[in-house]
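Take a look at the structure set out below.
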Number of protein chains: 2
Amino acid sequence: MYELHFAVPMSGAVLCTLNTRHDSTMVSLLLKHSEAKLLFVDYQFLHIAQGALQILSKTTTKIPHLVLISECGHPLPPHAKGTLIYEDLVAKGNLQFVVRRPKDEWDPISLNYTSGTTSNPKGVIYSHRGAYLNSLATVLLNEMRSMPLYLWCVPMFHCNGWCLPWAIAAQGGTNVCQRSVTAEGIFDNIFKHKVTHMGGAPTVLNMIINSSPKVQKPLPGKVQVMTGGAPPPPDVIFRMEELGFNVTHSYGLTETFGPASICTWKPEWDNLPQDAQAKLKARQGVAHVGMEGLDVKDPHTMKSVPADAKTMGEVMFRGNTVMNGYLKDLKATQEAFKGGWFWTGDLGVKHPDGYIELKDRSKDIIISGGENISTIELEGVIFSHPAVFEAAVVGRPDDYWGETPCAFVKLKEGCSATSEEIIQFCQNRLPRFMAPRTVVFTDLPKTSTGKTQKFVLREKAKAMGSLTKKNTSRL
Amino acid sequence: MYELHFAVPMSGAVLCTLNTRHDSTMVSLLLKHSEAKLLFVDYQFLHIAQGALQILSKTTTKIPHLVLISECGHPLPPHAKGTLIYEDLVAKGNLQFVVRRPKDEWDPISLNYTSGTTSNPKGVIYSHRGAYLNSLATVLLNEMRSMPLYLWCVPMFHCNGWCLPWAIAAQGGTNVCQRSVTAEGIFDNIFKHKVTHMGGAPTVLNMIINSSPKVQKPLPGKVQVMTGGAPPPPDVIFRMEELGFNVTHSYGLTETFGPASICTWKPEWDNLPQDAQAKLKARQGVAHVGMEGLDVKDPHTMKSVPADAKTMGEVMFRGNTVMNGYLKDLKATQEAFKGGWFWTGDLGVKHPDGYIELKDRSKDIIISGGENISTIELEGVIFSHPAVFEAAVVGRPDDYWGETPCAFVKLKEGCSATSEEIIQFCQNRLPRFMAPRTVVFTDLPKTSTGKTQKFVLREKAKAMGSLTKKNTSRL
């Protein structure tokens, strides 16, 4: 996949990387939607790809050629017959080939299907111009000097790995790739390769801090970690830093080429108490140099919300490093760019220093008895309970309140807690109306990039029915 | 000048910074050529500016407004009457002013008159697009993370300070400015402000290494130094590194927004002997990410020279960070861009690893008896003589040989050497024909950016007449 980040654009084609967790049906849909001509597949996913082509052949005769990527020294699987072999093609490559540059710098370089936390995947189009600028900006965002040593924990198929394949090449860096992301693998690789930089969703960080002390090797030097995808709970950041990592909280979306805004740490914050530091670190709002505009706006007036840390608005971006649009979806594109800004669907407030604190996805916010409840805030509190490994909160439909907060909680191995304990814990730390009314102990459904699939949980909460019966008095 | 790097473009105007060493006549010429509307002047140069306006008033009625920049707490000079005062204008500024963005990103942001080592100054036009990309690239080139501490030794009027005013702002850095550049000031400022980065011509480096041990304070940390303007003699680089500086050799021109190509240090070179390291460090050839094309080409065929470290060609650039052109000089612009590349006028060879070694300015190379003599190579050897502080070599016209090498040498204070010693020293280290035939002990004429004005020396050498009389036998 790393090589294809260069080979495909240099051949004048568009790169579309697919999520390795998709099944054959989803892959066949995306192949059809993208009109892919060539399908490169790792030997571990050959059966998925072959299944997808089989499904595809039922509705169209335009079937992409299959190119198998085998592992060095690994024998080809028996069902690989008839496929092209990647290394063979490379060996037969034409050294005189002249790179086909884009005619226009706004021409597409890649197509990225969104991870689908809220809806069906949409095809996000990146331009050469945007990818170029974002690659430079991400080097700066990651505080990289030349020749960084990068450990891949972010899936490279996701937002073109935040443009880091290109960024690391531009800096003459080294890439360390892993077939699977485990705490042991992370510590081993950091130690072995003297890793300087890595990235990962808060779930990856959570995995690191909750790993057995046996696998936790001392770091050979400071490791810069870019985290994003969801605001990291303050506790996670602290425990990472205790292990010697330096965590930067970033915020962005597939539509912004990955991280677009970070929490730039101010030296004067070094002397604040840990609690205050954690709160600051969970904010962001300093857009990288490639992104012209970042604001929190009133969705009705399109005016900036006051920087009062209270007034909620929608986070919006504009600039070179915002997507061209959604492939074959003019309506969604127009909606996303209403008023000349890209609407993220994330709600937040602006602090007096201009930093932004996300409160919720506009679709996730719970409105209970007319009050907004930030699920992110509530999740942060639940997470700080010593027995809790992970938590996600959604609205449970309610006949009286409209919605009530419903928490899905995964406990740490060997730990126990009751619903009442969790609720009490929250009531002690938050306004009473914000505490969950329901607590469900369960594993959380995840996307491959580690984001919790809240729409799945929302379905579960819906199926529970109303907590308050109609015409009952207030609880 | 730092503030004007932002205020002028934000007002929709073009910034043209002038060399502080120009006299009133030169300033009047450049004001006329540039059609400047406002002239901002530091109080130390008020008399130059007023003189220039007086000269200008003899030929035109379009006289720019004069705005005086006074130093905080410094009383205005008596002759400042009638000028506008910078701080007064700032105090009356309109906070509601809406930034006037360029209509097109290729619109000019600044005009830079070349330093004129070879000819009359030409007005080099920088675009917003080029300046933006070069600013990002120069952050990477200087190995800056966020919040760098930059000590200004490069004049900010020169190539817009290599775009560092914008680059350092983009990185949230701190600028330390000095009214004059002295070794003592440099060490004091590094110590006081914990400087992380600086830049300077090899003459600045020379000043540092030859300064009295009394002023040489220990550095609080590694200081990254970007040097350029002329290839630094290997000895200079070494002695800088002994003092704790990390020197990167860069190459570029006003037309390429300053440094465009550097000597990227390869880790495997760390183990080479000092001599070999010094030779490698004096090369360059890794263009920054903002510069698409860098090559050494045969000026007749426009083909790349072979990477054999022998075949000389002209160094050429192309990309976003090459100037738009010369103001009001279509002929010079067309000539500079013949064949779609920018011709630097510098001759060099390409090494097998792709790195470039400059041999000479195409106008400086000496052709003696049909043999090319690289003045850079010869100067490097003379410089390694323990008594030599500085050296510059030009061709002395010769009736028999065409030219012979003529060296102008400044000795270190308290040191002595004879012409014969210098010539012998070179003959012991170079092919005999490359050794100078004439050695003149003198101060070297300099441009304000520290480059030796070879055209002045060439005039002197010419005035000496031929060394060999016509019809004499070979020496």
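Structure above, values below:
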| quantity | calculated |
| --- | --- |
| In the A-B interface, the accessible area buried, summed over both sides, Å² (probe 1.4 Å) | 1900 |
| Dimensionless Rg ratio for segment B:4-91, taking C-alpha atoms and the 2.2 N^0.38 Å reference | 1.06 |
| Cα-based Rg and Dmax for segment A:108-361, where Dmax is the largest Cα-Cα distance (Å) | 18.0, 55 |
| Solution diffusion estimate, µm²/s, Stokes-Einstein, the protein assembly as shown, Kirkwood Rh from C-alpha pairs, 10 °C, viscosity 1.306 mPa s | 50 |
| Kirkwood Rh, angstrom, segment A:198-248 [1 / mean 1/r, Cα pairs] | 11.0 |
| Spatial separation of Cα centroids for segment B:192-212 and segment A:325-356, in angstrom | 48 |
| Pseudo-label separations to other copies for A:Val215 - Cα-to-Cβ vector, 7 Å, nm | 5.8 |
| Segment A:25-113: trypsin sites (Lys or Arg not before Pro) falling in loop per DSSP and having at most 15 other Cβ within 10 Å | A:Lys37, A:Lys58, A:Lys62, A:Lys81, A:Lys92, A:Arg100, A:Lys103 |
| Cut-off 15 Å between beta-carbons: net charge of the residues surrounding B:Ala309, Lys and Arg +1, Asp and Glu -1 | +1 |
| In order through segment A:186-193: 3J(HN,Hα) via Karplus (6.51 cos²θ - 1.76 cosθ + 1.60), integer Hz, x for Gly, Pro | 4, 5, 4, 5, 4, 5, 5, 9 |
| FRET efficiency, A:Lys338 to B:His65 (Cβ-Cβ, R0 35 Å, nearest 0.05) | 0.20 |
| Distance violations [Cα-Cα > 30 Å] among A:Lys122/A:Lys446; B:Lys338/B:Lys410; B:Lys338/B:Lys451; A:Lys37/A:Lys92; A:Lys81/A:Lys194 | B:Lys338/B:Lys410; A:Lys81/A:Lys194 |
| 1.4 Å probe accessible area per residue over segment B:1-89, in Å² | 58 |
| Relative pair counts by distance (%), Cα atoms of chain B, 10 Å bins | 4, 18, 29, 27, 16, 5, 1, 0 |
| Threshold 50 Å², segment B:136-152 residues less accessible with all protein chains present than alone (1.4 Å probe) | B:Leu136, B:Leu140, B:Glu143, B:Arg145, B:Met147 |
| Stokes-Einstein D in µm²/s, Kirkwood radius over Cα pairs - segment A:366-464 at 25 °C with 0.890 mPa s viscosity | 182 |
| Whole-number D in µm² s⁻¹ for segment A:221-346, Kirkwood Cα-pair radius fed into Stokes-Einstein, 10 °C, 1.306 mPa s | 99 |
| Average beta-carbon neighbours from other chains, 10 Å sphere, peptide B:100-108 | 0 |
| Computed over segment A:281-398, the ratio Rg/Rh where both radii use C-alpha atoms and Rh is Kirkwood | 1.01 |
| Solvent-accessible area, 1.4 Å probe, carbon plus sulfur percent, for chain B | 54 |
| Inter-copy separations for B:Met147, label at 7 Å along Cα-Cβ, nm, ascending | 2.7 |
| Exam field: A:Thr59 pseudo-label spacings to other copies (7 Å along Cα-Cβ), nanometres | 7.5 |
| Long-range amide H partners of A:Gly285 with built H, under 5 Å | A:Ile262, A:Cys263, A:Thr264, A:Ile356 |
| Stretch in chain A that is longest and holds no GluC sites (Glu not before Pro) that DSSP places in a loop and that have at most 13 other beta carbons within 10 Å | A:72-291 |
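The values are calculated or read from the model by the stated rules, or taken from the named source; none is laboratory data. Here the structure is a predicted model, which is why all the values come from computation and not from measurement. Quick reminder, even Gly has a Cβ in these numbers, built from the backbone with ideal geometry, and neighbours come from all protein chains shown. These area figures cover heavy atoms from the full protein model, side chains too; ligands, DNA and RNA do not enter into them. Shrake-Rupley method; radii C 1.70, N 1.55, O 1.52, S 1.80 Å.
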